[in-house]
Amino acid sequence: MQPVDNFAPRVLAWFDKYGRKNLPWQENKTPYRVWISEIMLQQTRVTTVIPYYNKFMQSFPIVDVLAKANQNSVLAHWSGLGYYARARYMHKAARILVDEFESEFPNTVAGLCELPGIGRSTASAILSISRGIKTAILDGNVKRVLGRFHAVSSCPGEKKTEMAMWDLAERYMPSERCSDYTQAIMDLGATLCTRFKPKCLLCPLEEDCLARKTEDPMRFPIRKLKKVAKPEKSLQCLVLSNEQQVLMEKRPQTGIWGGLWSLPEFSSEEDIVMHTEQRFQTQVTNITPLNSFRHTFSHYHLDIEPSYIRIDEISVMIEEKYQWFSWKDAIALGLPTPIRSLLNEVRNLIGT
Ligand code: SF4
């Protein structure tokens, strides 16, 4: 794959005319603000991220405030964005930055990559966008643009191909306007060289784009075909509550919904009957099954089968992971999206 002349100037000229320049993280481009945006934007669309980003910045405007925040509050701001490990790592990294780096971001890719949750491309984006340092990124958008422009016929996930693409990305990185170029190439991938139906006629790279010459640019970069059906899993969860309070369970830090609050889980309905009285020291007289529903993760389907038990007396919990919350406070916790919807449904049902 040989680099082509004038790649960066064409991308920059297009960006000057058509690129997005009013996104919230494009104002006051500090390393902190760019970092938060880059983490939020991983696997997530710009339009989804914007309200989350604005709210997050209102609550945690600088790294010191984020470092001091408790994890529940950080996860509550992330609730609905998914991939919660991102938020946990980010919070951990903020504490390291404050404790060990006097709240200053390292000035090298290697230094930033030492922090939890920051890889080479994210580190480069932080440094090039916020400090204008010449260091290339290779996120999904850039891989798609380069993969098509050069009609890469091997899978970008393969080590050799990835190294060749890093090499190209670095060679195309200009020495000037590094911040603009990084935003421009990401933007071009996100708005023109889209996964489906790329807008080649509007693209500044059209003339030399090898994928475009094939009339079927979407074929590139070549992807490994792995069409396997997603596995299905199920879980039983319990809404144990009265009109004032509801019992919540803090999930372990690892695994799905790590660190979030959720509802107590059981392996079967019999398990609920057998263990509720003992585990929650409460008398069970009547269990109401609620509508079950499916939540799909990137790697499996989860069928959630909820039940509702109304209690009169609030008991003292022995295990720390369980806690009673008022309905209002429960809804404001860092919750998985399907659990928040379920709680809202039950609230309507019982009229709290
Ligand atoms: S010409 Fe089309 S396929 Fe090639 S880089 Fe531009 S948008 Fe992508």
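The values are calculated or read from the model by the stated rules, or taken from the named source; none is laboratory data. All values derive from a computational prediction rather than experimental measurement. FYI the Cβ positions are ideal-geometry reconstructions off the backbone, even for glycines, and counts take in every protein chain you see. Accessible surface is based on the protein model in full, side chains and every heavy atom, while ligands, DNA and RNA are left aside. Shrake-Rupley method; radii C 1.70, N 1.55, O 1.52, S 1.80 Å.
Structure above, values below:
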| item | result |
| --- | --- |
| Global form of region 1-124, assessed from the alpha-carbon gyration tensor, a/c cut-off 1.5 | prolate |
| Sulfur and carbon atoms: percent of accessible area, region 151-204 [1.4 Å] | 57 |
| Mean shadow area of region 51-185, taken as a quarter of the surface of its Cα convex hull (nm²) | 9.1 |
| Charge dipole magnitude, Cβ of K and R +1, D and E -1 - region 165-306, Cα centre, debye nearest 20 | 580 |
| Cα gyration tensor shape for the chain, rounded if a/c is under 1.5, else prolate or oblate | prolate |
| Debye, to nearest 20: dipole size of region 46-193, +1 on Lys, Arg Cβ, -1 on Asp, Glu Cβ | 400 |
| Student exercise, the chain dipole from Lys, Arg, Asp, Glu Cβ charges, in Debye to nearest 20 | 1340 |
| Positive dipole terminus of the chain, leading residue within 37, 331, 349 (C-beta point charges) | 37 |
| Accessible surface, the chain, averaged per residue in Å² (probe 1.4 Å) | 51 |
| Overall form of region 145-226 per C-alpha gyration tensor (a/c, 1.5; a/b vs b/c) | oblate |
| Among 299, 125, 63 the positive-end extreme of the charge dipole of the chain (Cβ point charges) | 125 |
| Fraction of beta bridges assigned by DSSP in the chain that are antiparallel (%, nearest 5) | 65 |
| Relative contact order for region 122-196, counting Cα pairs under 8 Å that sit 6 or more residues apart, in percent | 44 |
| The chain, relative contact order [Cα under 8 Å, separation at least 6], % | 17 |
| Relative frequency of Cα-Cα separations exceeding 18 Å in region 249-312, percent | 46 |
| Local electrostatic count, residue 123, Cβ distance below 11 Å [Lys/Arg +1, Asp/Glu -1] | -1 |
| Positive dipole terminus of region 123-246, leading residue within 231, 140, 192 (C-beta point charges) | 231 |
| Peptides 141-154, 260-273, 280-293 ordered by average Cβ neighbours within 10 Å, highest first | 141-154, 260-273, 280-293 |
| Charge context of residue 290, other residues only, Cβ under 10 angstrom, K/R +1, D/E -1 | -2 |
